[in-house]
Amino acid sequence: MDLTKPGVALTDVILGLFRVNSLLLMRGDRLVADLGLTSARWQVLGAIVYADRPEPVAWLARDLGSNRQNVQRIVNDLHREGFVEFQTNPHHRRAQLVVLTDKGRAAFDRAMQLWIPWANSLAEGHSLKDIGTMAAFVNALRRKLEDGHNADDE
């Protein structure tokens, strides 16, 4: 079976997304390095900040679309360095809740202040319509993948 024209176009988009992801991680690491963060740590702090309430690691991993073991390792590093603390989970004895400390909140807030000019610069020259179309497409693709469109099912 050969790729359809949309399949070829999607492959080009996905290869571009892989490259963009690598560049975002590399440049994000540089952006927040002086704060004691990496892109991965910043991402986990963001998941904690944007959660409706304190969550266990497994839920944070789900929110990030990542695996629990990777998020646990990052949370452990953040805990060791004082960015997060653990609280008792009234619903599950072993799955503690992850909560930002004042140090973690300050680092996240500073990272976001560094992000603002970078985001504005990256958005420069692109229309809101084009950015919205890309966001809608990426979100639709993410939902398909989350709904079980697996390579081994094809």
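Please treat every number below as a calculation from the coordinates, not as lab data. In this text, all values refer to a predicted model and were calculated from it rather than measured experimentally. Don't worry about glycine lacking a Cβ; one is built from the backbone with ideal geometry, like all the others, and counts go over all protein chains shown.
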*Which one of Leu3, Phe108, Ala140 is farthest out on the positive end of the charge dipole of the chain, using unit charges on Cβ (Lys, Arg +1; Asp, Glu -1) and the Cα centre as origin?*
Phe108
*asked:* Defining a contact as two alpha carbons under 8 Å apart and six or more residues distant in sequence, what relative contact order in percent does the range 11-154 show?
replied: 19 percent
*Using θ = phi - 60° and the Karplus relation 6.51 cos²θ - 1.76 cosθ + 1.60, list the HN-Hα couplings for the range 109-114 in order, rounded to whole Hz, with x at every Gly or Pro.*
4, 5, 4, 5, 5, 6
*If amide H atoms are built 1.01 Å from N in the plane of the peptide, which residues on other chains or at least 5 residues away come under 5 Å of the amide H of Glu55?*
Val98
*Could you work out how far helix 68-80 tilts from the main Cα principal axis of the chain, as a 0 to 90 degree angle to the nearest 10?*
40 degrees
*Going toward the positive end of the dipole of the chain, with +1 on Lys and Arg Cβ and -1 on Asp and Glu Cβ, which of Ile14, Ser121, Ala95 do you reach last?*
Ala95
_Can you divide the C-alpha Rg of the chain by 2.2 N^0.38 Å and report the result to two decimal places?_
1.21
*asked:* Whole-Hz ³J(HN,Hα) for each residue in the range 9-18, computed from phi via Karplus 6.51 cos²θ - 1.76 cosθ + 1.60 with θ = phi - 60°, x for glycine and proline: what do you get?
replied: 4, 5, 4, 4, 5, 5, 4, x, 5, 4
*Go ahead and estimate [θ] at 222 nm for the chain from helices alone: -39,500 (n - 2.57) per DSSP H run with n ≥ 4, summed, over the residue count, rounded to 500.*
-22000 deg cm²/dmol
_Under a Cβ-only charge scheme (Lys and Arg +1, Asp and Glu -1), can you give me the dipole magnitude of the range 1-143 about the Cα centre, in debye to the nearest 20?_
340 debye
*Under the Karplus relation 6.51 cos²θ - 1.76 cosθ + 1.60, θ = phi - 60°, what is the ordered set of whole-Hz ³J(HN,Hα) values for the range 38-49, x standing for Gly and Pro?*
10, 4, 5, 5, 4, 4, 5, 4, x, 4, 5, 4
*Built amide H within the under 5 Å cut-off of Val84, gap 5+*: His79, Thr101
